[in-house]
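The structure under discussion appears below in the form of structure tokens.
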Amino acid sequence: MGRAVNGKTAMIYFLVADKHFGTYRDRLDAPGGKVSLDQCVAIAKKVRIPLLVDAAAELPPNENLSGYTRQGADLVAFCGGKGLRGPQNAGLLVGSKDLVEAAALYQSPYSGIGRDRKISKETMIGMLAAVERYKRLDHAAEWSAWKAQVDHIKSVMDQVPGVETGYVPKEVTNHVPRLYVKWDEKAFNFSREDCFKALQEGEPGIVALRTPLGVTVVTWMMVPGEEKIVARRLKEVLQQARKTAHQRPPRTEAELAAGFGMDNPIDEWHPNGDGLIRQYRSNGGD
């Protein structure tokens, strides 16, 4: 990596979640990048070029709010939504004062090349309130509440014959309680994609995560009580699928697996195409 730095290099970019996309999503054995964050910090210091860490999805744990700068990063970017629960169209940039102030020149009320990306003063205040709230939170209690919601969904799904559930290891990106649900798709004559469609088109509409583990449910954005709705709908969908398996034309394992895609367009990115556009087109969009 050090050899790639030259006189035109303005900054080094490091994506924390790099190893948790694509084929290895939600797997602890994900190979990830060839350069660790510690190595990046060392290289950046040696060549005297600032290092930007993209930690958009790295809250929780709350220690990360200051952990990457303590590790040596010059700038760290967090998503304003997700764990911070702030405005979805905002973010948090922390680090070296001079670099943060330089970035601020491209936000409201200033004009410049970032004019089309500026955010409102109301959004800024919302972001400040979100950070202040996050610092006051009882993070252990919040985790326990999320876990209780996941436990409820698991207890309901474990009642469905032929269905297997399990907890996604918290070490993978978005370090929050998550549950995967899978079944013998050939026996049910019902694919993961069939399940996603049934959940999304049902009442109420529910969007689960598409991962190699199957149907993955995350509760950290649910308000109390919504986990009961998700559990009920998922149970209904799979029970009905099992009951009516013989009424649908039989499909091979390859046919059942066809059309399965990841929840994040990055997972299906191709250098000659846009996974997001392809995803929209597959749903009948322009």
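The values are calculated or read from the model by the stated rules, or taken from the named source; none is laboratory data. On a predicted model such as this, the values are computed, not experimentally measured, just so you know. Because the Cβ atoms are built from the backbone with ideal geometry, glycine has one as well, and the counts that use them run over all protein chains shown. For accessibility, only protein heavy atoms count, side chains too; no ligands or nucleic acids. Shrake-Rupley method; radii C 1.70, N 1.55, O 1.52, S 1.80 Å.
Of all the listed residues (Ile119, Ile206), the sole one being open to solvent by less than 60 Å² (accessible area, probe 1.4 Å), modelled with pLDDT of 90 or more and not basic (Lys, Arg) is Ile206.
Looking at the stretch 90-110, can you tell me whether even one residue there is modelled with pLDDT under 90, within 28 Å of Val218 (Cα to Cα) and open to solvent by 40 Å² or more (accessible area, probe 1.4 Å)? For the stretch 90-110, residues modelled with pLDDT under 90, within 28 Å of Val218 (Cα to Cα) and open to solvent by 40 Å² or more (accessible area, probe 1.4 Å): absent. Against the test of being under 18 Å from Trp146 (Cβ atoms), among the hydrophobic types (A, V, I, L, M, F, W, C) and at pLDDT below 95, the options Leu234, Leu179, Leu256 yield a single qualifying residue, Leu179. Just so you know, in the stretch 122-165 the residues that are open to solvent by 30 Å² or more (accessible area, probe 1.4 Å) and not in a helix (DSSP H, G or I) include one that is nearest to Gly91 (Cα to Cα), and it is Leu137. Among the residues of the stretch 56-74, those identified as in a loop (DSSP other than H, G, I, E, B) and under 19 Å from Glu142 (Cβ atoms) are Ala57, Glu58, Leu59, Pro60, Pro61, Asn62, Glu63.
Restricting attention to the stretch 41-55, the residues that are part of a helix (DSSP H, G or I) and crowded, with 22+ Cβ neighbours inside 10 Å total 1. Within the stretch 170-198, the set of residues being within 12 Å of Thr216 (Cβ to Cβ) and open to solvent by 20 Å² or more (accessible area, probe 1.4 Å) comprises Asn174, Tyr180, Lys182, Arg192.
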